């Protein structure tokens, strides 16, 4: 017989880049000539030690009297003379191997072990465990195999299979390839044992692709080989190949093992291949395997992962026998999809059975409640676990920490942190990262940094959590330093790292630096994604850099990056901020087209956009179409009603929200109190303010007190307003004094106005609006010296009167009108049209309110000044270009004066049109001579 071929004769197909080779192994050629005909198989011992049995301890007594290598060999010889196959006795073989090793003869030990392993057809995991027990013997086995082959021994398939498995274990890459060539030459490649060994060798040493190539080139394949091929592909997550192999098995009438069926059902769950999973289920029923508990368990899991909870429940209910895995699978299925009541029902049934819930059972409940936002229940489950004697593990703790973050319960989070330290769970990188994240999101960056520094292990998620925390809070240099330290630690920043930096710089107004982060991201080989662009858009929007935000949105689309829900929410916020109704409508259409309107954040952003763009009716229509409104959408719509002075509607919606089970928060009360103050609903406002802490457990904040001061002051209760301010538990801020100043101007109460102004000039010395209000009040009272004094105070402090402007959009063009400049190309025509309108409304009873001009000039000149107010020009131009019955929409950067407000009411009646003015305070919806503000602004 020919010897094994040398390496250069092996198939070049497999000489690709191998896995890491064991450096302790030498290369093997096995290229010795054959020495004779007889085949040395597992039936013939490798070493026939023909020793005399005299003075040898009885074999029946085992190795009790063995005290030297010679005595071990004598026992071995005696064993070989016994009837039967001693090498089939696993205990005997292992004892003999141990004694050979003990007395310094590893080669004899290796020979015995080679035959023993050949006779026992164990699985790979058991095979590996046996080799681990004897440490250096695997290399000795290959040397014995090499030596015997060179002496002419001819091995059967079992010996070759063992040799291949040992090559696999020690990663002897090239000897395995040589043995492959030899078994092909000796026509042993059709043996199932050899085929399985070959596939395992190539899978572990050369990759799953080579293993599949070997499988595909096999001349004949038994059932066990097919099952092995499926198992190996599942091991490497080659789900599709595994399923294709399983289908080929069915076409070839190959019987699948129960474990193989379990594995392919796992693949169906991973790939969401429901149709194929149902086919396999049918195959299970036809094959009579439906009583198999492991198969039923994986069927439950497969259906659950495909969203078929009813089918998962049906499989569970039809099971005659169930184990703990069965219960855990169905509880996990119900909990994951939000059927928490069903999950708890099955949990209680499990408790009443003979099977005890384990940590996995509890973690299924924790995970399901966490996914469904039942964070308080998560903390309750943690307590129940400990009461029942189950100690939370790292997975339990991670759910608990996430719930603490969402609920903002830092003290409880610290308790969990203490538990982690006491039970040495901080070794788990996920637990450590969750703790860091909890402190970061609780605004405890110093503690987060201390925990981070003491963590035993960190991954990139841990670094990113701390970096994002510092970046979000504006500690941008610290965040950038952390990125450098992460790189020094050998961890390369990923897309999340860079996006955190982009978001931080953009959020804090450093757009150029944010763009620099984008550039560095590209240099590192990463491509900015939708999150990167959304961070730029959102950051600019938050800093009211709306033009830059829109430019980034356009660039993002030019690069072919599809916007996500967060992007659309930010762009809608831009449209609302600029009151760009037409663009907002286009973005709304885009969200409908992309199916994003189901996202509650996008839907709320759409409502907000319409509210801020002067179209509350459409905002309300969008609100009513939302299947299940969130607290945020309720707050947005109530605030929308407040902006338009629709107090009754706001109150009705508030009660609807409460009846639907949504609990109002501090923002809700800010919105409802704003609605009351903008509608003059004093009694209702008092009622809501009184109920805040008593009925809804919401502690009033400064913004709520500000709303009450504004409400009482506008209604003319200035003395009560002053008493309210004096009795406030909080120190009055600029919003409180500003509300009092506005109310005092409305009711021309100079005493309270001067007190408010004195405080405002100290709190906001550079806010020109406060000075303007006082000058306006002094002008109304003809107190020109006091007015001049305020002007001098402004000049001495370097405060400049902000430029007043208004604009209106005609088609897609924004027309801007400024009080300082008359640069509009149709300026002459606009003034002519305005003169005509003023003449007509004077006949209807309009009298110019010259008190709105705080210049010491005669009334005739004051009337001329009133004509140049920008909102009048914008309204007039809108009327000139108006098509059909569309409302005239005007945006003004400051509070509309009473004269312009009166003119707008008369024009709405004269021209039978709707006029919507958004000023620095609120919306005025004017129609048929009336305004939605009811003259309370």
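The values are calculated or read from the model by the stated rules, or taken from the named source; none is laboratory data. Bear in mind the structure is a predicted one, so any value in this text is a computation, not a measurement. Methodologically, a virtual Cβ is constructed for each residue, glycine included, from the backbone with ideal geometry; neighbour enumeration extends over all protein chains shown.
List of remarks:
Here's the yes/no breakdown for (1) part of a loop (DSSP other than H, G, I, E, B); (2) modelled with pLDDT under 95; (3) in contact with a strand residue (DSSP E or B) (Cβ under 7 Å, 6 or more places away or on another chain):
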residue: 602; (1), (2), (3): no, yes, no
residue: 606; (1), (2), (3): no, no, no
residue: 611; (1), (2), (3): no, yes, no
residue: 614; (1), (2), (3): yes, yes, yes
residue: 628; (1), (2), (3): yes, yes, no
residue: 632; (1), (2), (3): no, yes, no
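- Residue 170 being surrounded by fewer than 23 Cβ atoms within 10 Å (Cβ to Cβ) and assigned by TED's automatic domain parsing to the domain that holds residue 112: yes
- Cβ pairs under 7 Å, 6+ apart, first in segment 477-501 and on the phi < 0 side of the Ramachandran plot, second part of a loop (DSSP other than H, G, I, E, B): 483/493; 486/493; 487/493; 493/524; 495/526; 495/529; 498/526
- Considering the conditions (1) part of a helix (DSSP H, G or I); (2) modelled with pLDDT of 90 or more; (3) over 21 Å from residue 226 (Cβ atoms), residue 321 is excluded by exactly one of them, (1).
- Selection status of residue 596, touching a helix residue (DSSP H, G or I) at 6+ places or on another chain (Cβ under 7 Å) and either surrounded by fewer than 17 Cβ atoms within 10 Å (Cβ to Cβ) or at pLDDT below 95 (or both): yes
- Residues of segment 485-511 that turn out to be in a helix (DSSP H, G or I) and either touching a helix residue (DSSP H, G or I) at 6+ places or on another chain (Cβ under 7 Å) or over 20 Å from residue 452 (Cβ atoms) (or both), as a count: 15
- Total residues in segment 705-751 satisfying the condition of being over 30 Å from residue 852 (Cα atoms) and part of a helix (DSSP H, G or I): the figure is 2.
- Residue list for segment 207-257, filter: under 22 Å from residue 190 (Cβ atoms) and outside any helix (DSSP H, G or I): 217, 218, 219, 220, 221, 222, 252, 253, 254, 255, 256, 257
- So residue 685, is it under 17 Å from residue 664 (Cβ atoms) and either surrounded by fewer than 19 Cβ atoms within 10 Å (Cβ to Cβ) or under 46 Å from the mean Cα position of the chain (by Cα) (or both): yes
- The residues of segment 782-825 that are assigned to a helix (DSSP H, G or I) and farther than 22 Å from residue 897 by Cα, listed by number, are 785, 789, 792, 793, 795, 796.
- Here the condition is being closer than 22 Å to residue 921 by Cα and modelled with pLDDT under 95; of 691, 677, it holds for 677 alone.
- Test: residue in segment 120-134 that is modelled with pLDDT under 70, closer than 22 Å to residue 68 by Cβ and under 52 Å from the mean Cα position of the chain (by Cα): yes
- Only listed residue being surrounded by 15 or more Cβ atoms within 10 Å (Cβ to Cβ), in contact with a helix residue (DSSP H, G or I) (Cβ under 8 Å, 6 or more places away or on another chain) and not assigned by TED's automatic domain parsing to the domain that holds residue 887, chosen from 737, 784: 737
- Where residue 879 falls short, out of the listed (1) in contact (Cβ under 8 Å) with a residue 60 or more places away in the chain; (2) touching a strand residue (DSSP E or B) at 6+ places or on another chain (Cβ under 8 Å): (1)
- Filter pass, residue 229 being at negative phi, under 33 Å from the mean Cα position of the chain (by Cα), crowded, with 17+ Cβ neighbours inside 10 Å and outside the structural domain of residue 171 (by TED's automatic domain parsing): no
For every residue, the table says whether it meets (1) crowded, with 17+ Cβ neighbours inside 10 Å; (2) more than 19 Å from residue 437 (Cα to Cα); (3) out of contact with any helix residue (DSSP H, G or I) (no Cβ under 9 Å at 6 or more places or on another chain).
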| position | (1), (2), (3) |
| --- | --- |
| 361 | yes, yes, no |
| 377 | yes, yes, no |
| 382 | yes, yes, no |
| 385 | yes, yes, no |
| 388 | no, yes, no |
| 413 | yes, no, no |
